[in-house]
Amino acid sequence: MTEVDSTRLVYSGDGPDHGDMAVRARRSGVWFYAETVLRGMRAFALPILLYAVAQPVLYLVALGVGLGELVDRGTGPVGGVDYLVFVAPALLVSTVVMSVSAEMTFPVMSGFKWNRLYYGPVASPLEPSQIALGHFTAVMLRFLLQGLVFWLVMLAFGAAPAGWVQSVLVVPIGMLAAAAFGAPLQAYAATLDDGFQFSLIQRFVVMPMFLFSGTFFPLAAMPPYLHWIGWISPVWHGTELARWASYGADLSWGMTALHLTFLLGCTAVGIWFSVRTYTRRLRS
């Protein structure tokens with residue numbers, strides 16, 4: 001139903017019954033709020049699209065082709081493949097994980113403190129849990145699209161030799177890694193009334209994950225005292241899975257289960273704390 005039709009119904013007095021609307025909101029509130037967030041993103045649709053296309057192109061040209069040629073000449077294949085093939089799936093994962101930090105910090109806090117956008121929906125039949133899950137769902141859908149664009153660029157560069165049937169798995173893997181970092185970050189941001197902590201997160205959490213999680217070189221090539229950064233980083237766990245999907249990197253069933261358990265566990269714990277915090281703050 002178009003916006004014009006909805007307006008005509010309201011003025012005619014033939015709109016949906018209030019009780020029916022409340023039931024629909026209770027049933028589909030997560031998707032209603034996710035739609036609200038996505039509609040808000042439409043104002044930035046062109047910059048988001050340009051960012052989604054330009055970032056993988058520039059990354060793969062600079063790091064995969066430019067730096068990759070030097071690496072291939074100097075040390076030869078990395079992990080048994082050309083450097084472009086090695087680094088491309090890791091860049092996809094690290095890109096969406098780093099990008100999710102922008103959507104799960106200030107926008108979440110402003111929903112409670114600055115713009116207070118959460119308080120209008122919670123005055124309706126929507127539950128705080130639906131608002132939390134709706135925000136999370138909308139952000140994940142955005143990064144599902146961004147991951148899909150990145151994967152298409154990888155195919156164009158020949159950086160996914162496993163073929164599109166298997167390599168397309170890098171898209172949900174990247175989204176899962178983003179969820180594993182984004183959900184706990186959303187839960188934390190929902191507790192704050194001041195955003196100065198976010199700069200600390202960028203400096204001491206996001207950047208170390210980007211640099212020391214096996215994105216540009218195998219984790220085993222790092223000093224042993226830095227390995228723990230990879231083991232607790234969604235980027236490394238997602239990267240290992242993405243490299244298997246992209247070019248068939250060796251990955252045992254045990255390590256696959258470990259990576260998936262870590263990512264799913266971080267996501268579940270983050271969602272649980274988000275729902276709990278949203279409920280406490282919006283019902284107080």
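Can you tell me which residue in segment 229-253 is farthest from the chain's Cα centre (by Cα), limited to those that are modelled with pLDDT of 90 or more and over 23 Å from residue 167 (Cβ atoms)? Among them, the one singled out is 231. Of all residues in segment 39-58, those satisfying the criterion of being under 18 Å from the mean Cα position of the chain (by Cα) and either at pLDDT below 75 or under 18 Å from residue 171 (Cβ atoms) (or both) are 48, 49, 51, 52, 53, 55, 56.
A search for C-beta distances below 7 Å between a residue of segment 107-118 that is closer than 17 Å to residue 34 by Cα and modelled with pLDDT of 90 or more and any residue that is among the β-branched types (Val, Ile, Thr) and assigned to a helix (DSSP H, G or I), counting only pairs 6+ apart in sequence or on different chains, returns 118/131.
Considering 274, 284, the condition of being hydroxyl-bearing (Ser, Thr, Tyr) and either more than 30 Å from residue 124 (Cα to Cα) or free of Cβ contacts under 8 Å to residues at least 60 places away in the same chain (or both) is satisfied by 284 alone. Report yes if residue 195 is exposed (fewer than 14 other Cβ atoms within 10 Å of the Cβ), within 25 Å of residue 135 (Cα to Cα) and either out of contact with any Leu (no Cβ under 9 Å at 6 or more places or on another chain) or acidic (Asp, Glu) (or both), otherwise no. No: the conditions fail for residue 195. Flag not set for residue 274, criterion: buried (at least 21 other Cβ atoms within 10 Å of the Cβ), in a helix (DSSP H, G or I) and over 18 Å from the mean Cα position of the chain (by Cα). Taking the numbered list (1) assigned to a loop (DSSP other than H, G, I, E, B); (2) charged (D, E, K, R); (3) surrounded by 14 or more Cβ atoms within 10 Å (Cβ to Cβ) in turn, residue 250 passes all entries but (3).
The values are calculated or read from the model by the stated rules, or taken from the named source; none is laboratory data. Only a predicted model underlies this, so the values are computations on that prediction, with no experimental measurement involved. Every residue, glycine as well, gets a Cβ built from its backbone with ideal geometry; the counts of neighbours run over all protein chains shown.
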